[in-house]
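Inspection log for the structure reproduced underneath, given as C-alpha cells.
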Amino acid sequence: MLEYKTGVYLCKELNNGCRSSSTALGCEESGRFGPGQAARHLHPIHRGAPKCRSSRGKLPSLGCWRRLEFERGSNSALVPQIREACVKWGFFQVINHGVLHFLVDEMQSVAREFHALPNEEKMRYFSTDTESRMRYETSFNVTQDKVFSWRDYLHHSCLPLAEMQDLWPDKPASYRYKYLLYSTRVRNLAKFLLELISESLDLPKDYINKAFNGCSRVMVLNFYPACPEPDLVLGIAPHSDPGSITLLLQDHVEGLQVMHDDEWYSVKPIPYSFVVNLGDQTQILSNDKYKSPEHRAVVNSSEDQMSIPGNGESLVCPASKLVEGSPSLCFIRII
C-alpha cells in the first residue's frame, strides 16, 4: 500500500517486497534514519563528494531589464555578457527581467498552497507514467530508480493551452488563473533570452526560437522537505537538463548547486531573479560550443524549500553555420 506523510512517499511492503521507506518514518518517529529506513534515499556519492563553494562573486548575474511590450535597444550590451556566461558556466541569473513581482509572489504562494493540500487531493495526480503530461511524483521513476530524490513535485505540460488548461490542478482554486498569467510572462522572457543566445552564437536573432517552434513546455513545482540527516540524501541527484534552457524560480532557501571546474558551487538566491541554465539541446544546437552544465539540489535539516523550473524540448541538430569550418560534427539530429 502506498502511504504518504509530510512530503515524501512511504512505500511499504508492496508486492511482498519493501519498495522504499522515507522521510516520515525517519523524521517523525526517531529523528534519525533507523536500520533499513529511507534506504532508497541514501546517496553514497555524498561521501567523498567534491566540496561545495559559495557562488557569491562567481555565478554571472545579468541585469537584462526589458519591458516585454517593446524593445529597449539594450541587446548589444547583453550579447557579450550572455556569450561569456554560456561559455564559462552555462548558468546565469537574470534580474530586472520584466516578470512582475506580484506574479512571482502569487506563483510561489499558490505552489506552496498546492503542496500543503491534503494528501488525498494531491494523490489524484499521482502517476508512475514518465510520459504523462500531468503527474505528481517523488523521484523521476519510482519503479526503476535505485536511489530516490528527497522531494515531491508536480510536473505538467504548459502547451498547447487549449488542451492543457483543464488538466492543471483545480485546487487551489486560483492555480489555473495565476499559473496562466505567470507562465505567459516567463515564456516571453525565455524567448527573449533565446534571441540573445542566438546572437551570441552569431546566428540570426530568431534562429533558436524557430528551431524550438512548437516545442513542448513543462513546468515543475519542486518541494524539498527538511531532512533530519541532509548529508545522506539529495533533493535531486546530479544531472543536466534535456531541453533548450531552463528558467528556475528559487525561494529564499539556498539549495541549488552547479558543477564548475570539478567543484560544486552553491547558487545564492536573489529575490525575484531567475536562474537560467542551458539544456542538452542547446549544447547540441551550438555544436558543443556551449555546455549543458551538471547541477543538483541539496536539502537541510531546518527548513523546507521550493523551486519552480520551466523548460522546453524539441527535435534539434547542430546549426549548419556552427558546423562549417568545424573539425567535427559533435552531434547528429537528436530529440
Amide H neighbours of Asn287 at under 5 Å, excluding residues fewer than 5 places away on the same chain, with H built from the backbone geometry, are Ala319
Checking rank on 282-293, 93-104, 250-261, with mean other Cβ inside 10 Å and highest first, the result is 282-293, 250-261, 93-104
Within segment 54-323, count lysine pairs with alpha carbon atoms under 22 angstrom apart where the residues are 8 or more positions apart or belong to different chains. 27
Evaluate the distance, in nm, between pseudo-label points positioned 7 Å from the Cα of Arg133 and of Glu84 along their respective Cα→Cβ axes. 4.2
To the nearest 0.05, the calculated FRET efficiency linking Asn300 and Leu161 through their beta-carbon distance, R0 being 35 Å, is 0.45
What spacing in nm lies between the two simple spin-label points modelled at Glu113 and Ser76, each 7 Å away from Cα in the Cβ direction? 4.6
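Bear in mind that the values in this text are calculations on the coordinates, not laboratory data. Keep in mind that this is a model prediction, so the values were computed, not measured. Cβ atoms come from the backbone with ideal geometry, glycine included; neighbour counts cover every protein chain shown.
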